[in-house]
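Colleague: One structure is given below, represented as structure tokens, and several questions about it will come after.
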Amino acid sequence: MKTKRYRRKIRGNAISPGYALGNAVHYFSPGHVFRLYIPDDAIDAEIQRLQLAVDQSRRELMSLRSRIRDQSGEETAGIFDAHQMILDDPALLERIVALIQTPHANAEWAARQALEELQAEYEGVADEFFKQREMDTQGLFERLHRHLTGAAGHEKRGDIALVADTLNLALLADFDLNDLRGIVVSTGGYTSHTAIIARSYSIPVISGIIHVRERIPAHERIVLDGYSGIIYVDPSEELVREFEEKVRQERQRLHALIGEKKLPAVTCDGERVILEVNAETEAEVTSALGMGAEGIGLFRSEFLYVCEKDGPPSEDKQAALYARLAQRLYPLPFTIRTLDIGDEKLRYLNDVKNTPNPILGLRGIRLSLAKPVLFKTQLRAILRASTLGNVKIVLPMISSLDEVRDAKSLLAEAQEELKQEKYAFDADIEVGIMMEVPAAFFSAAVLAREVDFLSIGTNDLIQYVLAVDRTNEQVAGLYDPLHPTVLRCLRDVMDVASQQRIPARVCGEMASDSIFALILIGMGVRNLSLNPAALPYIRRLVRSTTKEKIHRAVEDILRLDSPREIHRYVMEHLNPLIPSDPQELHQPR
């Protein structure tokens, strides 16, 4: 009689690859918070209890920030400044105190109410980056509630498989990353800060598990397959041994792949592909260099802005970071994307207004041009860091020629100012644009004549072209990189770049997936900017294929009109080109 291999099998979304075995640890998350009546003579004591919890939370945040800084660098640790900023907001504390005094409520209920009011500002916003702020308020309340109630902390040692409702940075920071084997959550996206950090530490993450803590009991042994998104609850010893062997082989294989970091990404028939990396922190740049990256194809500068409490980062602070990274990368290229964020996310702007659909609002280049002082400060900082000649600028969310020209005009003003102030800079700094808005694709030939290079952001391209919110579970299945319209947009831009004789790179998530990377190379893309963790795998993929074979396949694909037909063709003709071992290369999500 065959032994049962597991008690329960649960399928979710793989957002950080890898295999893991561990004991399920529930991340503390308070359920319903009851409102209790506090009599007049106990109000002062209740406020003191609140202040004590705030002080304890503040000290804990400082300690966590220090530890994350030591592990991942200052910029990564700066994510905690968002929590600290909320906690130090006098208006928030005054609101909590008012709720204690007026309705005579307990501090737990008052804190919940006040933070829910703040959290309501973020609800309903589709943008993944903005949703992170919503998670910040939830994570802060959980921390504050724990100190108010004196609840026990989490188990923090051993082979931990973290089980939680949401994916926020506090979830990672409360644990030693060396003990954290994997994470299972109900909600959390591929592009969240926590997912990015998890991937940089090779921690598998599976998301999209409804009622996750009810379905995976605390202390239960579980196995995570971060490639397929499958979780095995209470696995048999036989299944455990199988996955222990997979973990061993994965580490061995990754070590071998990283050992190839000095080998160029060249197809078997001699076609060279440049592999750069996307990054937003200093730690990720360091990791990328260790993986053999050929440059930073996209540095997300907005990370600096959301970490500031009282105002945008100063020119000196930006220039110091950019210059430090440019020097570390030299002579490799360092492409800085100017501020790509919405006004609703920068709470220190005086004229912030809540907008019903900020993803179509004042963000990216629109915000920069609407705030010329803010924009010019960043341009000056980038220029000051460009003295080695390896820094490039890329402008986000471009939809018209006027936006490009207005941005270049401000850049010229910044150059003239720096010249007058005797600052050195690269007078021939290259300027490119992000191709991610449909209008840019329709105007590609016009825009390409005005810039030095094109960067295709596939995440937003797919979202805008297909009118699909990839964070909305009801329509997320329609978010399809293999949709024929998406593929034709990519082909048309590559044709324009070739005609104008300017470089074009792809820096969206498509570049990090094996099947999609093959299709891009078959279209003529010769520069991919990836997630750091994907770099060794895509390098091996390039070196194991031929340009001619995938070019012919892509020509066939582009003649198909139905997404189903394309998916069927890919399964039959491109999947066989991928090594059969699922842990050797990332599979398309």
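Colleague: Cβ-Cβ below 6 Å, separation at least six or inter-chain, first residue in the stretch 210-230 and closer than 11 Å to ARG11 by Cβ, second among the acidic types (Asp, Glu): which pairs?
Modeller: Qualifying pairs under 6 Å: none.
Colleague: Would you check which residues across the stretch 238-287 are farther than 26 Å from THR335 by Cα and in contact with a helix residue (DSSP H, G or I) (Cβ under 6 Å, 6 or more places away or on another chain) and list them?
Modeller: If the condition is that a residue be farther than 26 Å from THR335 by Cα and in contact with a helix residue (DSSP H, G or I) (Cβ under 6 Å, 6 or more places away or on another chain), then ASP269 is the only one that fits.
Colleague: Moving on to the next point. So ASN531 passes all but one of these: (1) surrounded by fewer than 17 Cβ atoms within 10 Å (Cβ to Cβ); (2) touching a Lys or Arg at 6+ places or on another chain (Cβ under 8 Å). Which condition number does it fail?
Modeller: Single failed check for ASN531: (1).
Colleague: Looking only at residues in the stretch 375-419 that are open to solvent by 30 Å² or more (accessible area, probe 1.4 Å) and β-branched (Val, Ile, Thr), which one is farthest from ARG363 (Cα to Cα)?
Modeller: THR387
Colleague: Further question: Please note which helices (runs of 4 or more DSSP H) are completely contained in the stretch 223-310 and include at least 2 residues that are of a type in the set (Val, Ile, Thr).
Modeller: 237-258, 282-290
Colleague: Report yes if some residue within the stretch 36-53 is open to solvent by less than 20 Å² (accessible area, probe 1.4 Å), modelled with pLDDT under 85 and not acidic (Asp, Glu); otherwise report no.
Modeller: Scanning the stretch 36-53, I find no residue that is open to solvent by less than 20 Å² (accessible area, probe 1.4 Å), modelled with pLDDT under 85 and not acidic (Asp, Glu), so the answer is no.
Colleague: What's the number of the condition SER443 fails, among (1) open to solvent by 10 Å² or more (accessible area, probe 1.4 Å); (2) within 19 Å of the chain's Cα centre (by Cα); (3) in contact (Cβ under 8 Å) with a residue 40 or more places away in the chain?
Modeller: (2)
Colleague: Counting only residues that are farther than 21 Å from ASN278 by Cβ, touching a residue at least 24 places away in the same chain (Cβ under 8 Å) and within 21 Å of the chain's Cα centre (by Cα), how many does the stretch 446-472 have?
Modeller: The number of residues fulfilling the criteria is 2.
Colleague: Further, regarding this structure: Among the candidates GLU276, GLU280, GLU220, single out the residue that is within 30 Å of ASP340 (Cβ to Cβ), modelled with pLDDT of 85 or more and acidic (Asp, Glu). If you could, list the steps in order and put the result at the bottom.
Modeller: On the way: GLU280 fails: modelled with pLDDT of 85 or more; GLU220 fails: within 30 Å of ASP340 (Cβ to Cβ).
Of the residues listed, the single one that is within 30 Å of ASP340 (Cβ to Cβ), modelled with pLDDT of 85 or more and acidic (Asp, Glu) is GLU276.
Colleague: Using beta carbons and a limit of 6 Å, which pairs, at least six apart or on different chains, have the first residue in the stretch 314-329 and closer than 20 Å to PHE375 by Cβ and in contact (Cβ under 8 Å) with a residue 40 or more places away in the chain and the second one part of a helix (DSSP H, G or I) and open to solvent by 30 Å² or more (accessible area, probe 1.4 Å)?
Modeller: Cβ pairs passing all conditions: GLU315/THR377; ALA319/ARG384.
Colleague: Just checking, how many residues over the stretch 324-359 are at pLDDT 85 or above and open to solvent by less than 40 Å² (accessible area, probe 1.4 Å)?
Modeller: 11
Colleague: Moving on to the next point. Could you look through the stretch 12-26, keep only residues that are in a strand (DSSP E or B), modelled with pLDDT under 85 and not polar (S, T, N, Q), and pick out the one that is nearest to GLU245 (Cα to Cα)?
Modeller: Once the filter is applied, the top-ranked residue is ALA14.
The values are calculated or read from the model by the stated rules, or taken from the named source; none is laboratory data. Note that the coordinates shown come from a computational prediction; the quantities given were computed from them, not determined experimentally. Cβ atoms come from the backbone with ideal geometry, glycine included; neighbour counts cover every protein chain shown. What goes into the accessible areas is simple: the full protein's heavy atoms, side chains included, and nothing from ligands, DNA or RNA. Shrake-Rupley method; radii C 1.70, N 1.55, O 1.52, S 1.80 Å.
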